[in-house]
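Here's the structure we're looking at; comments come further down.
Readers should treat all values here as calculations from the given coordinates under stated rules, not as data from a laboratory. This one's a predicted model, so the numbers in the text were calculated from it and none came from an experiment. A quick note on method: Cβ atoms are made from the backbone with ideal geometry, for glycine too, and the neighbour counts reach across all protein chains shown.
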Amino acid sequence: MQILSEIHWEVRPGDRWALLGPNGAGKTTLLTVAAAVEFPSSGTVTILGRTLGETDVFRLREEIGFVDARAGRRFAPMLFVREVVRTGATQTIGYFEERLTRAELDRADELLALFGLAALAQRRFADCSHGERTRCLIARALMPRPRLLLLDEPGSGLDLPGRETLLSALDRLAADDPALALVMTTHHLEELPATTTHALLLRGGTTVALGHASATLQADVLSICFGLPISVARENGRWAAVAAPPS
């Protein structure tokens, strides 16, 4: 069964991509290929200048921050939030403080503050809300200063305060690390940070549209992508979409 076909996509340093489409469109599959977790059955995939099938993917993955729905299940429930973030320095699921440098400890504290987790640093990871765990895992992924950050539906299941805290942190990250390339999947325009620069819209495993966000996140294009008439609004750099009222 072919999941993706005819995908021609380039992400440049500093790009902030939204990857949108209905359920089953192929968003997560494409993201796992971009993370060097899955391999294409045909075609060529080049990530950070290295071609899959011709490079050491374990070394390549060290330069990619990847957060998906399974990430939080890998950690011992007794680890504290600060400890989970720090494991990003060693890229292990276990916590080995003796391996960490002073700079890495400081980096973890900076990321805890950036993602609104400083007050939760001593809370057990297992006791955190879904949104708190998501922010913790993104902070962890950023510990080794990756060149590419991939987020699979980071806003899914978040309440309004949790979503806004996350999006505010991603906007600040764009300012603090302008060379970082970011790709995030979502079903909802409301979950996109204002710093989104580009969008790729998928339906049935193929491209509906891709390009600058201002051109692709339009009502006519999104209506084709999601298969129903959609009305789109934008205010203060943020998008919102609802089903268009019948004419």
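Who wins for biggest fluctuation among Arg172, Arg102, Arg163 in a Gaussian network model of the chain, springs between alpha carbons below 10 Å?
Arg102
Please determine, in degrees from 0 to 90 and to the nearest 10, the orientation of helix 102-114 with respect to the longest principal axis defined by the Cα atoms of the chain, where the helix direction is its Cα long axis.
It is inclined by approximately 40 degrees.
For the chain, what is the relative contact order in percent, using Cα pairs closer than 8 Å and at least 6 residues apart in sequence?
After rounding, I find 27 percent.
Label points 7 Å out from Cα along the Cβ direction at Asp56 and Ser156: separation in nm?
3.3 nm
Can you give the FRET efficiency for Arg145 and Arg234, using 1/(1 + (r/R0)^6), R0 = 41 Å, r = Cβ-Cβ distance, to the nearest 0.05?
With a Förster radius of 41 Å, E is 0.85.
What are the chymotrypsin sites (Phe, Trp or Tyr not before Pro) within the range 1-93 that DSSP puts in a loop, where the Cβ has at most 11 other Cβ atoms within 10 Å?
Hits after loop and neighbour filter: nothing returned.
Starting from the 7 Å offset along Cα-to-Cβ, what nm value, one decimal, do you get for the label separation of His212 and Ala113?
It works out to 3.6 nm between the two label points.
Evaluate Rg over Rh across the chain, taking Cα atoms for both radii and Kirkwood's formula for Rh.
Ratio of gyration radius to Kirkwood radius: 0.97.
I want the antiparallel fraction of DSSP beta bridges within the chain, as a percent rounded to 5.
Roughly 45 percent of the DSSP beta bridges within the chain come out antiparallel.
Hey, how many Å between the Cα centroid of the range 195-211 and the Cα centroid of the range 52-92?
For the range 195-211 versus the range 52-92, the Cα centre distance is 27 Å.
Could you tell me how many degrees, from 0 to 90 and to the nearest 10, lie between the Cα long axis of helix 130-142 and the main elongation axis, the longest principal axis, of the Cα atoms of the chain?
80 degrees
What FRET efficiency comes out for the pair Glu190/Glu98, r = Cβ-Cβ distance, R0 = 35 Å, nearest 0.05?
With a Förster radius of 35 Å, E is 0.20.
Among Asp56, Asp15, Asp152, which one moves the most in a GNM of the chain with springs linking Cα atoms closer than 10 Å?
Asp56
If you fit an axis through the alpha-carbon atoms of helix 81-90 and take the longest principal axis of the Cα set of the chain, what angle between them do you get, 0 to 90°, nearest 10?
Tilt of helix 81-90: around 90 degrees.
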